[in-house]
């Protein structure tokens with residue numbers, strides 16, 4: 001993390017802008033962005049305004065990826081909710097036999 005200053009003894013000195021940069025890095029990481037790509041972003045930031053378009057494009061791509069991830073997670077949650085309901089009903093009945101004649105809609 002080249003932008004974080006250090007004391008003579010090597011202790012990091014974090015400014016508010018450093019914390020904000022770390023939050024962005026954490027955000028990008030949570031989207032599944034590879035470390036290599038995050039480093040490229042950090043390099044672009046160091047290069048200044050000449051890389052504004054690349055940084056904008058990168059965030060637009062991340063936005064599309066995150067929306068797709070959210071849709072997949074929504075489908076996953078729906079299936080999990082269905083199975084919770086399935087087992088709740090089976091527990092109340094004391095058996096899964098209660099579901100034998102029902103069609104499962106997934």
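Just so you know, all these numbers are worked out from the coordinates, no wet-lab data involved. Computed from a predicted model, the values in this text were never measured in an experiment. Here the Cβ is made from the backbone with ideal geometry for all residues, glycine too, and neighbour counts use every protein chain on show.
Computed extension length for residue 7-residue 54: 13.6 nm, one decimal, from 0.36 nm per residue of separation with the Cα-Cα distance subtracted. Compared with the dominant Cα axis of the chain, that is its longest principal axis, helix 35-47 is turned about 40°.
Relative to the dominant Cα principal axis of the chain, helix 52-93 is inclined by about 20°.
With 0.36 nm allotted per residue and the present C-alpha distance subtracted, the residue 84-residue 26 stretch has 17.7 nm of extension available.
Where does the Debye-calculated log10 I(q)/I(0) of the range 48-88 sit at q = 0.17, 0.26 Å⁻¹, using only Cα point scatterers of equal weight, no solvent? Ignoring solvent entirely, the Cα scatterers give -0.58, -0.81.
Given a cut-off of under 8 Å on Cα pairs at least six residues apart, what relative contact order in percent is computed for the chain? Reported relative contact order: 12 percent.
Taking the range 3-28 and a reference point 7 angstrom along Cα→Cβ of residue 44, the backbone N atoms nearer than 14 Å belong to 25, 28. Scaled against 2.2 N^0.38 Å for its residue count N, the alpha carbon radius of gyration of the range 63-106 is 1.58.
Taking only the C-alpha atoms of the chain, Rg followed by Dmax gives 23.5, 74 Å. Seen against the Cα atoms of the chain and their longest principal axis, helix 16-30 is set at about 40 degrees. Run the quick spin-label model on residue 35 and residue 98: label points 7 Å from Cα toward the beta carbon, then report their separation in nm to one decimal. It is 5.0 nm.
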